[in-house]
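The values are calculated or read from the model by the stated rules, or taken from the named source; none is laboratory data. All values derive from a computational prediction rather than experimental measurement. Neighbour counts are summed over all protein chains in view; Cβ atoms, including those assigned to glycine, are modelled from backbone coordinates with ideal geometry.
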Amino acid sequence: GDGDDDKAVKLGFASLPNSMTDACVVPAGYVASVIGAWGTPLNDQAAPWSNEGRNTSQDLLHSTGMHHDGMHYFPLADSSSEGLLVVNHEYIDEKALHPNGPTSVGGKRPAEEVRKEINAHGVAVMHVRKQGSQWEIIQNSRYNRRFTSATPMNLSGPVAGTDWVKTPFSTTGSQVRGTNNNCGNGTTPWGTYITAEENWAACFVNTGEQTAAQKRVGVQAKLGRYQWETAAGDASEQQGEFARFNITATGTDGLQDWRNEVNGFGYLVEIDPYDPGSTATKRTAMGRFAHEGAAYGIPVAGKPLAFYSGDDSRFEYIYRFVSEALWDPKDAERSDRIAVGHKYLDKGTLYVARFDAEGKGEWLALTPATKGKDGRSLGEAFGNIDAILINTRGAADFVGATPMDRPEWTAVHPSNGDVYLTLTNNTSRNAERGTNPANPRLNNVNGHIVRWHDDAGANTFRWDIFVFGSDAAGNADTNRSGLTEMNQLASPDGIAFDDRGILWIQTDNGIDGGRNNAVAKATNDQMLAVVPGAMKDAKGTGPVINAANQAELRRFFVGPNEAEITGFAYTPDHTSIFLNIQHPVNWPAYGTADATRAPDGKVRPRSSTVVIQKVDGGPIGV
Ligand code: FEO
Ligand code: CA
Ligand code: CA
Ligand code: CA
């Protein structure tokens, strides 16, 4: 090499074996503990969590939400023992949330149950502090906040204020209530959090004629995912508290019905955790689809900023937003952070990726001038930029983007800028749909990780495949990376670099739907670590991790039965890392990371954050 390897951080733990237990497993010398399990009160307005599911909607409004996902640690005064932990609450386990699961009377959901479900979604900002080696949430801190699927938020960028988003609630199209199904996350160079709206479309129902955009994102035709639209509201129903989830057109325009409510969802949403009085802001210029996180390229003074975001569904695309404003490093220090967001995130160009052969690729601009495959421009086919953004997927189809194997999270190497993105799996990639150079396996049950290198000022990129998921016993076509029992993985999902250059890879292998692939039959979901070299050293289109060097990919953590491992955060001194256990079935017991201490062996499951530290208090991973 060129010397990079000599400076590179080295992993200092032994890879863990496969595990299938109701506990969290960490390497020797490490300890894991639970913080912020769902229902943990953030202030005195919430009653303590009930092991019988008896908490109210008001309790949930003032407690940690359910099904933790993307996450970030924002230090206070650069501290590694006090900060703001911001956590997405993606969706809910209705069975665990209510005393006896969800109910419905005469086809209508009870209002209080629905309010509780709405309040269990969204985002939590939690003021956390470490005393000794014990992390805790500081109850009643002024920083503690909940954003739910009913919290008023601002719309910003090209779609804001257009007819697309005018509703009886916001006749000017400037606001919408709630953020939904927040999966991966991102941050910005100016210290804000980005939460990504992923499977929001399923919460809306249109029993009438659906628009092309509604069909393309998967709005429901009969009943919403949780049937929220069936609940009868009280006086607040005047404002469509529940009716807004039924977007069937009934009047002559969107000010008389809720047809436009759905157009307020599907965005990256910016939150300023440091300012408890700030309003969450939906950045419509960055596209509308099933966003799975957002990662920014290394900021360069005087150059535009780039943000990358995957669209997680089968055969969907990878997007890049490039700011019109050029980066001014002084903006990283400003205290009016949402205003900085307006500067960089409201004006710019959204691109979608086309992966070509031989490691070449091109970013296709989703702007009115871009020509589609049929020779017409996007402007001729879709209209103005707001219409293009509302149907981002349709516009990406039109210009010939490359259909991928479910794009999940994105991570950017802290010093060389290489971009890594998890393609979790795609069991629908059959012979009829065919493969393409960046998605080369049919029936891709294991997924892979693609990476590229680009420049925010250019529209071409180079790419390769970093690693192919596989079981250790997979044949040569499946186990292209030569994985072993000690690092076999499938369905990579969460992915993040820490600032030392360690890449952390998390899996969501569908174990909650049955152990349906060879890796799922061998181990629970996990987090692995690797220190990748720069892409300039890569040979062609990979895999980069192959039989010769796969030993550098090590398993660091294995979670409890059926749970997904997702979300990654760390303190600036690297002595604490945080991850999330989502949708466990028999974990955790009594606030420990171990379920085996429950006397009857059964617990009401609680998605939770887990903090991992070394027993000797040293830096994690090395
Ligand atoms: Fe919510 Fe794509 O994972
Ligand atoms: Ca995910
Ligand atoms: Ca997933
Ligand atoms: Ca999941």
Exercise for the section: Can you work out which of the residues in the range 484-523 that are in contact with an Asp or Glu (Cβ under 6 Å, 6 or more places away or on another chain) and part of a loop (DSSP other than H, G, I, E, B) is surrounded by the most Cβ atoms within 10 Å (Cβ to Cβ)? Expected result: 509
Fill in the blank from the handout: Expected single match for of a type in the set (D, E, K, R), under 25 Å from residue 187 (Cα atoms) and buried (at least 20 other Cβ atoms within 10 Å of the Cβ) among 393, 429 is 393
Exercise for the section: Could you tell me whether residue 582 is within 16 Å of ligand 2 (Cβ to nearest atom), of a type outside the set (Gly, Ala, Ser) and touching a His at 6+ places or on another chain (Cβ under 7 Å)? Expected result: yes
Practice task
Scan the range 502-525 for residues that are under 19 Å from residue 185 (Cα atoms) and more than 15 Å from ligand 1 (Cβ to nearest atom) and report the count.
Solution key: 3
Completion exercise
Among the residues of the range 570-622, the number that are crowded, with 17+ Cβ neighbours inside 10 Å and in a loop (DSSP other than H, G, I, E, B) is 20
Fill in the blank from the handout: Among strands (runs of 3 or more DSSP E) completely within the range 295-369, the ones holding 3 or more residues that are free of Cβ contacts under 8 Å to residues at least 60 places away in the same chain and under 29 Å from residue 437 (Cα atoms) are 348-355
Problem - Filter result for residue 410 (surrounded by fewer than 22 Cβ atoms within 10 Å (Cβ to Cβ), hydroxyl-bearing (Ser, Thr, Tyr) and under 23 Å from the mean Cα position of the chain (by Cα)) - result: no
Exercise for the section: Can you give me the number of residues within the range 80-105 that are within 22 Å of residue 575 (Cβ to Cβ), touching a residue at least 60 places away in the same chain (Cβ under 8 Å) and away from ligand 1 (no atom under 16 Å from the Cβ)? Expected result: 6
Exercise for the section: Identify the single condition in (1) in a loop (DSSP other than H, G, I, E, B); (2) within 16 Å of ligand 2 (Cβ to nearest atom); (3) out of contact with any His (no Cβ under 8 Å at 6 or more places or on another chain) that residue 159 does not satisfy, given that it satisfies every other one. Expected result: (2)
Practice task
Have a look at 535, 527 and point out the one that is within 15 Å of ligand 4 (Cβ to nearest atom) and buried (at least 19 other Cβ atoms within 10 Å of the Cβ).
Solution key: 527
Handout entry: Members of the range 71-122 found to be closer than 21 Å to residue 279 by Cβ and among the aromatic types (Phe, Trp, Tyr), listed by number
Key = 74
Exercise for the section: Take the residues in the range 560-569 that are away from ligand 1 (no atom under 16 Å from the Cβ) and not in a strand (DSSP E or B), then tell me which one is surrounded by the most Cβ atoms within 10 Å (Cβ to Cβ). Expected result: 560
Completion exercise
Among (1) without any contact (Cβ under 8 Å) to a residue 60 or more places away in the chain; (2) over 24 Å from residue 68 (Cβ atoms), residue 202 falls short only on (2)
Practice task
Determine if the range 150-171 includes at least one residue that is at negative phi, under 26 Å from the mean Cα position of the chain (by Cα) and among the charged types (D, E, K, R).
Solution key: no
Handout entry: Residue check for residue 394: away from ligand 3 (no atom under 16 Å from the Cβ), more than 22 Å from residue 503 (Cα to Cα) and out of contact with any helix residue (DSSP H, G or I) (no Cβ under 9 Å at 6 or more places or on another chain)
Key = no
Exercise for the section: Return yes or no: is residue 150 within 12 Å of residue 263 (Cα to Cα) and away from ligand 3 (no atom under 16 Å from the Cβ)? Expected result: no
Practice task
Mind listing whichever residues of the range 88-113 are within 19 Å of residue 265 (Cα to Cα) and more than 16 Å from ligand 3 (Cβ to nearest atom)?
Solution key: 92
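Conditions (1) modelled with pLDDT of 95 or more; (2) away from ligand 2 (no atom under 16 Å from the Cβ); (3) more than 20 Å from residue 571 (Cβ to Cβ), marked per residue:
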site: 31; (1), (2), (3): yes, yes, no
site: 39; (1), (2), (3): yes, yes, yes
site: 43; (1), (2), (3): yes, yes, yes
site: 51; (1), (2), (3): no, yes, yes
site: 62; (1), (2), (3): yes, yes, yes
site: 68; (1), (2), (3): yes, no, no
site: 73; (1), (2), (3): yes, yes, no
site: 76; (1), (2), (3): yes, yes, no
